[in-house]
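See structure below.
Every read-out reported here was derived from the displayed coordinates using simple, explicitly stated rules and does not represent laboratory data. Being a predicted model, the structure only gives us computed values, none of them experimental. As a convention, Cβ positions derive from the backbone with ideal geometry for all residues, glycine included, and neighbour counts pool all protein chains shown.
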Amino acid sequence: MELKAVKDAFDHVTKKQKLCTSKCQEAIEQIAQEFEQALAKLQSADASTSYPDHKTILADLKTKLKDIAHLSQLDSIQKELNGPLSKYPKQLEKSFTSDISKSYRNIDFDNHTINQIIASHLYREGLFEVGDCFADEAGVPEATALKSPFIEMFHIRQAMKSHNLEPALNWATANCEKLRQNGSDIELKLHRLQYVKILQSQGRDDALKYARTFLSPFASSHMAEIQKLMACLLWAGKLDASPYSDLLAPINWEKLGEEFTRQFCNLLGQSFESPLSVTVAAGVRGLPTLLKLMNVMIGKKQEWQSMKQLPVPVDLDKEFQFHTVFVCPVSRDQATEENPPMLMSCAHVLCKQSIAKLSKSGTKTFKCPYCPSEIEASHCRQLFF
């Protein structure tokens, strides 16, 4: 979009504003100088009879002030600024459309799936009554199937925040086989924290008894960890002054709470973080790029509406990358079985159809879009995710 007229109007306002400020500042400095001189004369008149009287000095000051900053002169300076300043908003309205809806396309959303995601998010956050109300009004009763598991998770997390590990330990014991199949050692971490808690609050004997009952089954696979915990018995009552004081750090409870949530959701087949939260966070991260694109596309309604996807890449951090989906940087199409990703000899990747188009169906070499390498279509190899 052509913004030269807006820029010229802005520059004109800026120039007039600087000029107005300069003239006003000059007048203020002259007025201050006249006041200082008049004050000096008044002080001298009090000490000597050779100076004019006070009335004469003040009358002379009044005359000079009128000459320096006459009201008509100040009004003229302000009018020079008001003119360009009043025209600038009109130029903005002329150059930009105020109807932002013209920048959007009509996209069909799967409202049912979106409502399920929202209901699941509410249950995950412990807002069970709100989740029930939303599921009922949105017509997604199947979403309530997640309510019971999340109620259990919520109660266990609340207990852990109060340093009560019993509910979490019961859950870990009931699901120990599934946790081991997933390679999780959260059961040991729960017993370790409970052991340290008993050692601090109940003493050496109770801690040793607990270790023999619950920690000994982990000795064969976690010997170093068990030996460290046994050494803590020597520091009973003064563990905070021992080499193992890190076991008392409050952050251990926070990390274990996050690990529990991760493993609990994993067994449910749910992601650790709410899909709604991740979507919002990813949208916020990509918002600056989208706003720049929107500013460029304002006034090109038909071209914007005809797009099947964004004409620019939106880079997101690795925390928002969950699965391997390849989008060709040339065609902007997502790879499919008919149009798979192809590894070129320079190690960059394009879709098969883009390579065919660039190479004229393999009849000529072409330049890689990412680097200066010359590519032969016959040397490209299909990638399998």
Burial order of peptide ranges 10-18, 228-236 (average beta-carbon count within 10 Å, highest first): 228-236, 10-18
Estimated FRET transfer efficiency (GLU36, GLU80; beta-carbon r; R0 30 Å; 0.05): 0.55
Of LYS161/LYS197; LYS209/LYS255; LYS23/LYS90, pairs whose Cα-Cα distance is over 22 Å: LYS209/LYS255; LYS23/LYS90
Scattering profile of segment 112-268 at q = 0.15, 0.20 Å⁻¹ [log10 I(q)/I(0), Debye over alpha-carbon scatterers]: -0.82, -1.22
Label point 7 Å beyond Cα of ARG381 along Cβ direction - residues of segment 343-357 with amide nitrogen under 16 Å: 343-350
Local electrostatic count, LEU358, Cβ distance below 12 Å [Lys/Arg +1, Asp/Glu -1]: +3
Calculated FRET efficiency for the pair PHE128/LEU290, C-beta based, R₀ 30 Å, to 0.05: 0.30
Lysines whose Cα lies under 18 Å from that of LYS94, excluding same-chain neighbours fewer than 8 positions away: LYS4, LYS7, LYS102, LYS300, LYS301
Separation of the LEU92 and LYS7 label points, Cα + 7 Å toward Cβ, nm: 1.9
Summed residue charge, Cβ within 13 Å of ASN170's Cβ, Lys/Arg positive, Asp/Glu negative: -3
Added length on full extension, which subtracts the Cα-Cα distance from 0.36 nm per residue, THR14 to THR56: 10.9 nm
Computed E for SER148/ILE251 - FRET, C-beta separation, R0 35 angstrom, nearest 0.05: 0.70
